[in-house]
1. Considering segment A:215-234 alone, what residues qualify as being in a helix (DSSP H, G or I), modelled with pLDDT under 95 and under 22 Å from the mean Cα position of the chain (by Cα)?
2. May I ask you to verify whether residue A:307 is in contact (Cβ under 8 Å) with a residue 12 or more places away in the chain and either in a loop (DSSP other than H, G, I, E, B) or out of contact with any strand residue (DSSP E or B) (no Cβ under 7 Å at 6 or more places or on another chain) (or both)?
3. Taking the options A:155, A:71, name whichever one is modelled with pLDDT of 95 or more, in the same structural domain as residue A:197 (by the TED database) and of a type in the set (Ser, Thr, Tyr).
4. Would you confirm whether or not segment A:465-472 contains a residue that is part of a helix (DSSP H, G or I), buried (at least 21 other Cβ atoms within 10 Å of the Cβ) and not charged (D, E, K, R)?
5. Only one of these is modelled with pLDDT under 75, of a type outside the set (Val, Ile, Thr) and not in a loop (DSSP other than H, G, I, E, B): A:455, A:422, A:427. Name it.
6. Go through segment A:124-138 and count every residue that is outside any helix (DSSP H, G or I), of a type in the set (Lys, Arg) and within 21 Å of residue A:225 (Cα to Cα).
7. Please go through segment A:41-66 and give me each residue that is over 27 Å from residue A:105 (Cβ atoms), in contact with a strand residue (DSSP E or B) (Cβ under 6 Å, 6 or more places away or on another chain) and near DNA strand C (Cβ under 10 Å from one of its atoms), ordered by number.
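The values are calculated or read from the model by the stated rules, or taken from the named source; none is laboratory data. These figures come from a predicted structure and were not determined experimentally. Cβ atoms come from the backbone with ideal geometry, glycine included; neighbour counts cover every protein chain shown.
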Amino acid sequence: MAGAQPRKRKGATEERTAAAHRPVARVLVDVPLPVHLDRPFDYLVPDRLDADAVPGCRVRVRFRGKLVDGYLLERNETTDFQGTLSWVERVPSAEPVLTPELLEMARAVATRYGGMLADVVRLAIPPRHAGAEKKAPREPGPPPARPGTDGWARYQHGQSFLDALHAGRSARAVWQALPGEDWPARLAEAAATAASAGRGALIVVPDHRDLQRVHDACAGLLGDEVVALAAELAPAERYRRWLAVLRGASRVVVGTRAAMFAPVHDLGFAAVWDDGDDLHSYPQVPYPHTRDVLTQRAHVAGAALIVGGFARTAEAALLAESGWAHELVAHRTEVRAAAPRVTAIGEDDTQLARDPAARAARLPSVGFEAARAALGAGAPVLVQVPRRGYVPALACGDCRERARCRRCAGPLALPGGSEGGAPKPAACSWCGAAEAAFKCGNCGSRRLRAIAVGAGRTAEELGRAFSNVTVRTSGAGEVLATVPAKPALIVCTPGAEPVAEGGYGAALLLDGRTLLARPELRAAETTLRLWFDAAALVRPARDGGRVVVMAESSLQPVQALVRWDPAWFASLELAERAELGFPPARRVAAVDGTPEAIEALLDSADLPDSAEILGPVPLGEVDEDGNSERERLIVRVDRAEGRALASSLHAAQAIRAARKAAELQVRLDPLEML
DNA sequence: AGCACGCCGACT
DNA sequence: GTCGGCGTGCTC
């Protein structure tokens, strides 16, 4: 080692000696720090900690004078550090939690998002709980028997997919679940197939209710072999289960987004369900997405992968169209046999019901009749009502297509703080360009209109329209898991729909127009996903199942629902994103920071050739000169240069961040923001 | 974030 | 000469 001698601390009672072999510990310190410190530091292992200080274990070290947590990455004979090494002060546990696979995965994720390794590791390893280390099991049981997989026979190549999975080939698929599909059972069968071949499996779902369903389905096939991981678990229990996975005792993991990093041994199968749900986006730096992380993991591990749902995202469409994944879809005749009958009711052709109470609830007669028929047949009826809320945004005054910037296709909005004085012209919220002469790209109209989102019908109004029928609600306050096969109106906000025993007799999807007109990039995709997720809970048309959606039948998302063709819409959506320069066709970074920091970044950053710079636009309060304390810059590049973009932004932060920590915030493909 | 090193003004 | 201002840079 390069002349590194231990520093003698004053007051130290014992003289410390470095371990005889590989005394240098390479340590990842776990402190929120500027990007230029996103690298390991070397410490000396005292001989009394020699046995415990194994690669992957937690350590306590002195960093900038303070005792901090860290992970021992590796042990070496020498160091490149010129100064005096500090000691590893403590090894809280010899449990090697940061395994080489986990470290490699965390590195890959950090690189992809231009983020810091320590941030990813913090998401991937739950907080330690000493008691759990004694309790968690160490030994895996024998592999379970291969399960029956007849449920997959309805899908083209379904059986061969499972055969490939069983044979350990890395089959990857975008799966469109049939309406009414018992998807937890299908995913459980795939996981159990991997387990029966002695390999691990990981299924990640959006929320706790889905987790419960998938866990139950897996437990039926796998018993104790399956473990549920969720961030909401009590710390001790969470750590105990996580350790059981780390030690290989539990081969099959189901969980919510935090489980995307679960250290499953010999991963043979990974799945993300309903990847369009925002809950799959981890809301902490560097904001990894379940689908991204699982595709990465499946790739590295040579594992099979399912990106599944009733709907399909543009990202999933890209996986399929690029050939990286196959399609796992049913034949059209199967789809038609399973789907409910869908009717679209636009604003213009709305015939309000004759019944005065139904009129008051603004129910169209078609919806009213469908609901009454279903209730009469003894079935529950689902009513989906968008959440309350308000988003100030602009749409075409005539065709109501979202108003987009002619330069960069960013969303147009009215600048904030416009009380009094002359109304300010609309401006692009990305590049800041004012739009004085808007012309709709869709219909050519020059008129703009402000749009509001989420004024929904209420349960009481419906209760009056259907007197003597039980009305139950499921939403933000209380989410129902299931409802019995009895006549009832189940009023839900999107995503909170309970599963009905035997399926709903009908579903009414209200306020489709406001949902579709929201300013977000993914408004149409998300709306269609919410519709498919609700409509999939309805009985097939041959059993009387009906869906009435309140939106113009001429709109593409509405057509996709009526024809039950999620793949068709996702493909259109992907093509449109490509045309407008949005993810996933291109990669977009949003960089927030002070005007000085943004300027310094633009001066120094070595951005890829294809980089297109939009803005910066002010964020938050704007003074009279149009300046603000923080700005947002959008950088977009060709997909092939996504890696280069991430790394150049990472490097640019490092140069700049030497002075002040966290001066710039970088987010890659920030879909929720666009 | 804290903490050390370093290069110019007011003082004994 | 030398005490100390806080600008600049580093953190094993």
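1. Residues satisfying the conditions do not exist here.
2. On the way: in contact (Cβ under 8 Å) with a residue 12 or more places away in the chain: yes; either in a loop (DSSP other than H, G, I, E, B) or out of contact with any strand residue (DSSP E or B) (no Cβ under 7 Å at 6 or more places or on another chain) (or both): no.
Criteria not met by residue A:307.
3. On the way: A:71 fails: in the same structural domain as residue A:197 (by the TED database).
On inspection, the qualifying residue turns out to be A:155.
4. Yes, segment A:465-472 has at least one match.
5. A:427
6. Within segment A:124-138, the first condition is being outside any helix (DSSP H, G or I), and the residues that meet it are A:125-129, A:136-138.
Applying the additional criterion that residues be of a type in the set (Lys, Arg) yields A:128, A:138.
From what's left, within 21 Å of residue A:225 (Cα to Cα): A:138.
Qualifying residue count for the region: 1.
7. Within segment A:41-66, A:44, A:62 meet the criteria.
Residues are listed down the side, and each one gets a yes or a no for (1) hydrophobic (A, V, I, L, M, F, W, C); (2) buried (at least 21 other Cβ atoms within 10 Å of the Cβ); (3) in the same structural domain as residue A:375 (by the TED database):
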{"position": "A:477", "(1), (2), (3)": "no, no, yes"}
{"position": "A:493", "(1), (2), (3)": "no, no, yes"}
{"position": "A:501", "(1), (2), (3)": "no, no, yes"}
{"position": "A:505", "(1), (2), (3)": "no, yes, yes"}
{"position": "A:510", "(1), (2), (3)": "yes, yes, yes"}
{"position": "A:513", "(1), (2), (3)": "no, no, yes"}
